[in-house]
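Inspection log for the structure reproduced underneath, given as structure tokens.
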Amino acid sequence: MAQSWSFLDICESDFRPLVVIELAKSAKAETIEWFTKRIVDKKAKGGAQLLVKRLLTEKEGENIYLVGASHLRLLLGAETVGLVKECNDNSMRTFTYSSRKTFKDFADDNHDFLTMAECQYIIKHELENLRAKDEKMIPGYPQAKLYPGKSIVRRLLTSGILVQIFPLHDREELKKLCHSWYGRVKVGYQPLDEIRCYFGETIALYFGFLEYFTFALIPMAVIGIPYYVFAWEDYDKYVMFATFNLLWSTVILEVWKQICATMTYRWGTLLMKRQFEEPRPGFHGILGINPITGREEPVYSSIKRQLRIYLVSLPFVCLCLYFSLYVMMIYFDLEEWALDYHEENDSNFSSLMLFVPSIIYAVVIEIMNRIYRYAAEFLTSWENHRLESSYQNHLILKVLVFNFLNCFASLFYIAFVLFDMHLLRQSLATLLITSQILNQFAESLLPYWLQKRYNRMKKRLCSPKIDKDLSLVEQVNLEKEIGTYCGTFDDYLELFLQFGYVSLFSCVYPLAAVFAVLNNITEIHLDALKMCNVYKRPFSEPTANIGVWQLAFETMSVISIVTNCVLIGMSPQVNALFPDSKMEHVLTVALVEHLLLAVKFIIAFVIPDKPRDIQIKLAKLEFESLEAFKRQ
């Protein structure tokens, strides 16, 4: 780094609060003094070199602190985390303080060069990397042990001393975003650049993918309606629909890669280097030296981690999968009971009872998915992964395997064991619609209702205030009480399962895409409402793509080719073509399936992951870096 950390002035007068730290009311004075000192101490002493001010509130005993940083400190922090910004020549380059004059819109007095979300991300990064050095315990709490390399923030959280850390909203900017995003009824694209500036790249990329996926579903929905209305039992016509579905699922995922690359290049995250990613806050181990960066960080044996994964996590996941299959067999017992009841009574009520087992099973599936999610998070955290990306990949893998089996095992059993296409259509429709209703209620409507109810109760106790008149104290008190957004994991998971319902059995239930489009239109508005009004502002997280979810969607599209080919091969019309030779029938279906797989992989190979102009820009940057290295 061209500039030394030691000269920074930590007593800047124009303090701008960016992040809130809430400590427990019972936190001891010596603990608070030690923690705040570590925050403001210089980097050379193991501190974060940030600015801290206590928030004076009317409530007695509250320990709330505001954290900010000088403009210079934020610029140096931007270099540390590797932020990429646009240069005067319109290229995107990693920001360095020494070359700051070459970046567009930079000026020493321009404090808007870094967005508020980027500033909050830098502060979060510095707080999370406060690690114990010589301390054996947290001052004032002998039972809260520390050792060299342990994350101080993590220990304070697990000890109950630190209640929460969250970034503050910018009330004026939030109002503008709400108005342009969902505040007026309009047909058009979302303001993704504005969402990115306020919430960061991870949130913006999710909404970009949700919007793109919704538009991509429209052709499937438009084609599916006439197939549903006019050709319900004509499997010959469904061959065309299923083939289109399979090619569609491949093309949309490949085109998304290009759209994603274009957006993230414009935002600068496509160029961010992740190989030097800092250890995640929950990672613990003996303090050592990273051989690549030369920085001090915890070291943990990879052998121990592998033993935990294969001897504990893997058997637990297998046990959960077995339990899921056991619950599935109970569901089929209920289906048989409902069918017998209908045959005995044959009334309107008995007809309705035929849908009850599927509805109950859909509710049970959602409950099991949520319980398993907590167990998977605990196990993945216990495995002690060094990087946040590694932690997320292992967590997503665990959850996807269970959710896939839990949600689709019954459909596979009905299709390929019971051979009951009528029950398959009924179960698919019931599971899809019920899961969508439950997700909309649990993720958006219920939190929104609870928040509105809390606000009404608060207004009875306090004098009513208009949002723009909120003081800083009132804003902090309001925001610290609302819920915390837990990330895009559940949102991507919902889209993944929806993609499975649409693609796996498209030749059986063409209306799946119609319900998916209707759900996603409301999902966009409810998720926007949730982000702006229901939850705290999340910290920005730079990302270059949707990560392992891209692989998950691509894997689902491969599985959908197999399932649709087998379903069409099982149809009476196709069976009639091979009256004498079952082997010829099987080989023909297998040949068609392999041909479709070949076409899929050819399409994926032909369509590049990045547009041509982005490839040229990246190659140009690489060439300029190589030339600069030669000159040195």
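The values are calculated or read from the model by the stated rules, or taken from the named source; none is laboratory data. Not measured: the values here are computed from a predicted model. Counting neighbours? That spans all protein chains shown, and the Cβs are built from the backbone with ideal geometry, glycine included. We work out accessible area using only protein heavy atoms, side chains counted, and drop any ligands, DNA or RNA first. Shrake-Rupley method; radii C 1.70, N 1.55, O 1.52, S 1.80 Å.
Pick from 393, 369: which is crowded, with 18+ Cβ neighbours inside 10 Å and within 19 Å of the chain's Cα centre (by Cα)? None of the others qualify; the one that does is 369. Please determine, by comparing only the residues of segment 567-584 that are surrounded by 10 or more Cβ atoms within 10 Å (Cβ to Cβ) and in a helix (DSSP H, G or I), which one is nearest to the chain's Cα centre (by Cα). Among those residues, the one meeting the criterion is 567. Annotation: residue 34 fulfils all but one of (1) under 30 Å from residue 623 (Cβ atoms); (2) in contact (Cβ under 8 Å) with a residue 40 or more places away in the chain; (3) open to solvent by 20 Å² or more (accessible area, probe 1.4 Å); the unmet one is (1). Just one of the listed residues (114, 75) is surrounded by 21 or more Cβ atoms within 10 Å (Cβ to Cβ) and either touching a Gly at 6+ places or on another chain (Cβ under 7 Å) or assigned to a helix (DSSP H, G or I) (or both), namely 75.
Among residues of segment 213-232 being crowded, with 17+ Cβ neighbours inside 10 Å and among the aromatic types (Phe, Trp, Tyr), the one that is farthest from residue 516 (Cα to Cα) is 227.
The single condition among (1) in contact with a helix residue (DSSP H, G or I) (Cβ under 8 Å, 6 or more places away or on another chain); (2) open to solvent by less than 70 Å² (accessible area, probe 1.4 Å) that residue 340 does not meet is (1). Close Cβ contacts (under 6 Å, 6 or more residues apart or on different chains) running from residues in segment 496-512 that are surrounded by fewer than 24 Cβ atoms within 10 Å (Cβ to Cβ) and in a loop (DSSP other than H, G, I, E, B) to residues that are among the charged types (D, E, K, R) and modelled with pLDDT of 90 or more are absent.
Considering only residues in segment 297-315 that are at pLDDT 90 or above and open to solvent by 70 Å² or more (accessible area, probe 1.4 Å), the one that is farthest from residue 373 (Cα to Cα) turns out to be 303. Against the list (1) part of a helix (DSSP H, G or I); (2) out of contact with any Asp or Glu (no Cβ under 9 Å at 6 or more places or on another chain), the condition residue 298 fails is (1). Residue 109 fulfils the conditions (1) open to solvent by 10 Å² or more (accessible area, probe 1.4 Å); (2) over 21 Å from residue 18 (Cα atoms) except for a single criterion, (2). Going by the conditions given, is residue 86 part of a strand (DSSP E or B) and either crowded, with 20+ Cβ neighbours inside 10 Å or out of contact with any helix residue (DSSP H, G or I) (no Cβ under 7 Å at 6 or more places or on another chain) (or both)? Yes; evaluated as a whole, the condition is true for this residue.
Do we find that residue 555 is in contact with a helix residue (DSSP H, G or I) (Cβ under 8 Å, 6 or more places away or on another chain) and either open to solvent by less than 10 Å² (accessible area, probe 1.4 Å) or hydroxyl-bearing (Ser, Thr, Tyr) (or both) in this structure? No: the conditions fail for residue 555.
Take residue 593 and tell me if it is outside the structural domain of residue 416 (by the TED database) and free of Cβ contacts under 8 Å to residues at least 40 places away in the same chain. Judged against the criteria, residue 593 is not a match.
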